[in-house]
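> I'd like to ask you about the structure that follows.
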Amino acid sequence: MKNSLVSDLSHVLRELRGMKVLLHVGLKRNLAKGKIDLLAGCNEGSIEKYSHPIKALLENRWPTGSFFVCDDSVRFDMPTGSGGVAVCDSALLVKQVEGWIEGRNLGGQHRPWATGYWLPEALCGDLATAETLYDVTDINIRLRELLVPYPVSLSKSIIELCTDEIRQKLSTLEKLRENATIEREICLSDVTASMVRLAFARSQRYFRGFRSLEQQAKLLRSSDLLIYEVALKVSRRERVADVVGKIKRLL
């Protein structure tokens, strides 16, 4: 049964001029007390263009709520729930996904709200599992055709990217001086993040970001779970020299 607040938000946001598609996304979308994450695909979509009209619509419907802009979304906090409305360009969304599937622009991006960094495959996972609230041009139908099942080409590209990064960072670690503490810690963190990403790509499961990792890891194949478990050891800094040897053997 659809969350009543999601229904109310969908009804209000359909009044937004220029919106082509509205999706209910998020790893915890079906949890009763989970935050509500919506993705609005709009004409010439940008948060600069659409933040004011979105806030105006929400404030008019929920005058006691709190609304603010964070990165590419309008965040809301109300007595009945909290979450955000992210904005993207509807015309570019499919092209962006097609580019990722072809192996382009797969690097992570640091975002204010993202633990670790934001990943393209996390958005792909959102789009592949999204609930369509509004779609005037069947954009989400095309996205599902691209993303379900997990594309083999996307898996291969992420595996190549992560394997290359891990090897380079391990080489960097071997060359660092003992007193290069900060650089060493950042390098180890990068290796950990890339290993987790690699495990999911090998299993052809969408990695949804560096939260709820224990829950997400249940989706991994047993052989790829080994990579995840080694990444856990790196994150705990357990016998790093020995673990580095294990990483090299797993690649």
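The values are calculated or read from the model by the stated rules, or taken from the named source; none is laboratory data. All values reported here derive from a predicted model rather than from experimental measurement. Note that we place each Cβ from the backbone using ideal geometry, even for glycine, and neighbour counts take in every protein chain shown. Ligands, DNA and RNA are stripped out before the accessible areas are found, and what is left, the full protein with its side chains, is counted by its heavy atoms. Shrake-Rupley method; radii C 1.70, N 1.55, O 1.52, S 1.80 Å.
> Using only alpha carbons, build the gyration tensor for the range 97-171 and give me the equivalent ellipsoid semi-axes, biggest first, whole Å.
Equivalent ellipsoid of the range 97-171: 27, 16, 9 Å, largest first.
> Mind listing the long-range amide H neighbours of S82? Cut-off is under 5 Å, sequence gap 5 or more, other chains count too, H placed in the peptide plane at 1.01 Å from N.
I36
> Please work out the C-alpha center-to-center distance from the range 157-202 to the range 212-242 and express it in whole Å.
14
> Then there is this: Report, by chain and number, residues whose modeled amide H sits under 5 Å from the one on G116, excluding near sequence neighbours (fewer than 5 apart, same chain).
Counting only residues 5 or more places away or on other chains, the set is empty.
> Kindly write out, for the range 189-200 in residue order, the coupling ³J(HN,Hα) from the Karplus curve 6.51 cos²θ - 1.76 cosθ + 1.60 (θ = phi - 60°), rounded to whole Hz, with x marking Gly and Pro.
Residue by residue, the range 189-200 yields 5, 5, 4, 4, 4, 5, 5, 5, 4, 4, 4, 5 Hz.
> Run the quick spin-label model on R144 and K35: label points 7 Å from Cα toward the beta carbon, then report their separation in nm to one decimal.
So the label points at R144 and K35 sit 2.7 nm apart.
> Turning to a different aspect of this structure: For the chain, just list the percent of Cα-Cα distances falling in each 10 Å bin from zero outward, please.
With 10 Å bins starting at 0, P(r) equals 7, 29, 31, 20, 11, 3.
> I've got another one for you. In whole Å, how far is the Cα centre of the range 115-141 from that of the range 28-106?
11
> Let me ask something else. Would you work out what percent of the accessible area of the chain, with all protein chains in place, is carbon or sulfur (probe 1.4 Å)? Display every interim value, and only then the final one.
Details: 6790 of 13490 Å².
Looking at the chain in its full context, I get 50 percent from C and S.
> From the phi of every residue in the range 169-174, what ³J(HN,Hα) in whole Hz does the Karplus formula 6.51 cos²θ - 1.76 cosθ + 1.60 yield, where θ is phi - 60° and glycine or proline is x?
5, 5, 5, 5, 4, 5
> With +1 on the Cβ of every Lys and Arg and -1 on the Cβ of every Asp and Glu, and nothing else charged, how large is the dipole of the chain about its Cα centre, in debye rounded to the nearest 20? Write down the numbers at each step before the final one.
On the way: 37 positive and 31 negative charges, 143 e Å.
The calculated dipole for the chain is roughly 680 debye.
> Let me ask another. Accessible area per residue, 1.4 Å probe, Å², for the chain: what's the number?
With the other protein chains kept in place, the chain gives 54 Å² per residue.
> To continue, here is another question. If packing is taken as the mean number of other Cβ atoms within 10 Å per residue, what is the order of 228-240, 170-182, highest first?
228-240, 170-182
> Hey, got the dipole for the range 175-251? About the Cα centre, +1 on K and R Cβ, -1 on D and E Cβ, debye to the nearest 20?
Values: 17 positive and 9 negative charges, 45 e Å.
That gives a dipole near 220 debye.
> How big is the convex hull of the Cα atoms of the range 4-87, per residue, in Å³?
Convex hull volume per residue, Cα atoms: 84 Å³.
> Same structure again: Can you tell me how much longer the chain between R211 and H110 gets when fully stretched, taken as 0.36 nm per residue apart minus their C-alpha distance, in nm with one decimal?
Additional length available on full extension: 34.9 nm.
> Next question. For the range 173-251, count all C-alpha to C-alpha pairs, find those more than 20 Å apart, and express that count as a whole percent of the total.
Taking all Cα-Cα pairs of the range 173-251, the fraction more than 20 Å apart is 31 percent.
> For the range 45-124, what class follows from the C-alpha gyration tensor (a ≥ b ≥ c being the square roots of its eigenvalues): rounded when a/c is under 1.5, otherwise prolate if a/b is larger than b/c, else oblate?
prolate
> Sort 208-220, 105-117 for me by packing, meaning the mean count of neighbouring Cβ atoms within 10 Å per residue, highest on top. Please list the in-between numbers first.
Working: 208-220: 16.0, 105-117: 13.0.
Most protected by this proxy first, the peptides run 208-220, 105-117.
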